[in-house]
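Beneath this line is the structure, given in C-alpha cells, with notes to follow.
Every number in this text was worked out from the coordinates using simple rules, so none of it is lab data. All of these numbers come straight from a predicted model, not from anything done at the bench. Here the Cβ is made from the backbone with ideal geometry for all residues, glycine too, and neighbour counts use every protein chain on show.
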Amino acid sequence: MSTSTPQKTLSRIAAHRLQKELAEWQANPPTGFKHKATDDIQLWIIEVTGAPGTLYENEQYYLQVDFPEQYPMEAPQVIFVKDPPMHPHIYSNGHICLDILYDSWSPAMTVSSICMSILSMLSSSTSKERPPDNDRYVRNCRNGRSPKETRWWFHDDKV
Amino acid sequence: MSEDDSTVLPLNVDFTAFHVFFSLQGKEYSFNLHNVPSPKDAGTMSLRDAKMQCEPQLQALFRGFEHVLQQRLSQSTDVAAFVLEVKDILERIIRAQANCVLLPDSFYSLLFSEIEDIGWEHISFIGDDATALQFRIFDIVGREHSVRVDLQPGYPDKVPTISADLPKALELNWWSGAGLKHILSQCRKAIDSFQDFWTVMEDIDRKAWVLEPVHPSRAISFRRIALGGHCSLSITVDALSPRTLPEYRFFGSENSVAPLRMRVINNLNRWKMDMLLLENLESVLELVIPSRQDIGNEDSSADCGICYAYFIPNAYVTGSDPCGEASRPDRVCENLNCGRTFHGACLVEWLRSLTTTRQSFDVLFGHCPYCSHPIAVKNSI
C-alpha cells in the first residue's frame with residue numbers, strides 16, 4: 001500500500017465545478033466536439049471537427065484544455081496540440097489569439113462556450129494562413145511559455 | 001455518526017482513479033484512489049488491487065492501521081462503500097484515544113432491570129459502557145423516531161440528558177424514582193404533539209423543490225424553496241402552530257421579489273387554517289410552487305453562477321459554520337433579464353482578480369460575470 005502525497009490538485013471549488021461541467025458536457029456535448037479520455041480531470045483533450053461548408057470542413061484538430069487550480073476565477077489554458085489549423089489567429093505552436101481565453105475571461109464561460117467560440121473563429125476564416133508575426137512569436141515561446149503569459153493584442157473581431 | 005458529505009471525484013473517464021474529499025468531526029481530509037476496476041469490466045468488483053494515496057495528515061493517523069485499510073479495500077465493492085469504511089476506521093482511531101471507564105455494578109443492574117421493564121424492542125442502540133442508549137419510537141402514522149439518552153454517572157439521581165429529532169427541545173421532567181419508562185412516555189407525548197408539524201413539512205418536502213436544508217431532519221422547521229425565475233422563499237414554520245403564516249423572506253432580484261412581497265400583504269385574508277401551509281402559500285402568492293421536476297436540473301438557478309454549487313465548497317469560508325448564511329448564493333444580479341445568483345465569497349474572489357474593479361470603503365464595485373450589469377459586494381465576506 002502506498003501512502004505518498006498526491007500531486008498538486010484542484011481547489012475544491014474547481015473540482016466541484018469541473019465535475020458539473022463534465023457531466024453537462026456528457027449530457028449535451030457541443031456539436032463538432034468530442035471529449036477524449038485522459039487520466040486527468042485537470043487536463044482535457046478535445047477533438048474538433050471543422051464545420052461543414054467552411055475551409056476546415058471535416059478536418060480534425062485537437063484542443064488541450066488545462067485547468068488552473070483557481071478555476072473558474074482564472075481562465076483555463078487552451079491550445080491546439082498536434083497539427084494546429086492554419087488560421088490567421090492560430091500560431092504554429094498551437095497558441096490561440098482569442099480574447100475570452102485571456103483578458104475577457106469570465107466565470108460565466110464554460111469549456112463548452114470556449115469550444116463554440118473557437119469553432120466560430122475557425123468557421124469565419126477566409127484564408128488558411130498563419131498570423132503575420134507567427135515566426136517571431138513562436139521563437140519567443142520556445143522556452144515553453146504559456147500563452148497566458150503573452151501580452152495579447154487582439155487583431156480584430158472579424159475573423 | 002456524522003452525515004455522509006464526502007465528494008468522490010473521478011480523475012479519469014474510465015472511472016479507475018478517484019479523488020475523495022470527506023470530513024469527520026469538523027475536519028476535512030482527502031485521499032486518492034488508483035487502479036480501481038473499471039465499471040466496464042464485468043465480474044470481480046473488488047477494490048483488492050486499488051492503491052490508496054493519503055495526504056500526510058491522514059497518513060499519520062492511519063499509521064499502524066495500513067493492514068486494516070488493505071483488508072477493507074479488498075472487501076469493498078465500490079468506492080462509496082470504501083469511503084464509509086475509511087470514515088468508520090478513522091472515527092474508531094480517534095475515539096480509541098479516549099479511555100472507557102466502567103461504572104459500578106449497581107448502575108448496570110438497575111439499568112438492565114429498567115430496560116426489561118420497558119421491553120428491549122424499544123432500544124435500538126446501547127453504547128460501549130451503556131451510558132448512552134437509543135430509543136426507537138413509532139408514532140401514530142408509523143414514522144420512526146430515535147431518541148438518544150445519555151445517562152450521567154450518578155443515575156438515577158442525576159438527570160439524564162436526552163436528544164431527539166424534535167423541532168423544540170424536550171424538557172425532561174425528572175423526580176426521584178423516575179426511570180427509563182418515564183423518559184419513554186414523555187418522549188411519546190412530545191412526538192404526538194408535533195404530528196401536524198410533520199404533516200405540513202412532509203407535504204412541502206414532497207411537493208416543492210427544497211433548496212435547503214439538503215437533508216431535512218424532523219427537527220428543522222426551516223425550509224428554503226425555489227419559486228422559479230431565480231427566486232426563492234425561506235420560511236421558518238412554527239412547530240406548535242404549523243398552519244399559521246410562517247416567518248418568511250424572499251430571495252431574488254428586487255424586481256421580481258417586490259411584487260411577491262406585496263401579494264403576501266394584500267392576500268393575507270385568503271389564508272385558511274385548515275389548509276396545508278404549501279397550499280396557503282400558493283394561494284397567497286398566486287403562483288404554483290414548482291416541484292424539482294418542473295424546474296429541471298439544467299436550470300440550476302439556485303446555484304452560484306461562479307462555482308456551480310449551492311453550498312459553497314468549503315474553501316474560503318473557514319468559519320465555524322461552513323453552511324451558514326455566507327455560504328449560500330445570496331448575491332443577486334439586479335438586471336431583470338439576468339438575475340443570476342452568486343456566493344458573496346465567490347463574487348469577491350472574482351472581482352478582486354480584475355483590475356477594473358473599484359473599491360469604496362469595504363464595498364467592491366464591478367460587473368456581473370454573466371451580463372456585465374453593475375454589481376456590488378462587501379469585501380469582508
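With respect to chain A, whose longest principal axis is taken over its alpha-carbon atoms, helix A:12-27 is tilted by about 60°.
Over the protein assembly as shown, dividing the summed -39,500 (n - 2.57) contributions of all DSSP H runs of at least 4 residues by the number of residues returns a 222 nm mean residue ellipticity of -8000 deg cm²/dmol. For chain A, the longest principal axis of the Cα atoms and the long axis of helix A:111-123 meet at an angle of about 10 degrees.
The Cα-based radius of gyration and maximum Cα-Cα distance (Dmax) for chain B are 25.6, 74 Å.
Against the compact-protein benchmark of 2.2 N^0.38 Å, the Cα-based radius of gyration of segment B:327-378 scales to 1.03.
From other protein chains only, count the Cβ atoms within 10 Å of every residue's Cβ in B:49-55, then give the mean. Averaged over the peptide's residues, the number is 4.
Packing order of peptides B:353-364, B:147-158, A:60-71, A:130-141, highest average first: A:60-71, B:147-158, A:130-141, B:353-364 (average count of other Cβ atoms within 10 Å over each peptide's residues).
The mean count of C-beta atoms from other chains within 10 Å of the C-beta of residues in A:13-25, rounded to a whole number, is 5. Inter-chain Cβ neighbour count for A:98-109, averaged per residue, equals 3 (cutoff 10 Å, partner chain atoms only). Taking a straight line from the alpha carbon of residue B:181, these lysines sit under 17 Å away, with near neighbours fewer than eight places off in the same chain left out: B:158, B:189. Two tests apply to each whole DSSP H helix in chain B, Cα reach of 15 Å or more along its axis and mean Kyte-Doolittle hydropathy of at least 0.5, and the ones passing both are B:79-96. Over chain A, how many percent of alpha carbon pairs lie in each 10 Å bin up to the one with the longest distance? Here the calculated profile for chain A is 10, 39, 35, 13, 2, 1.
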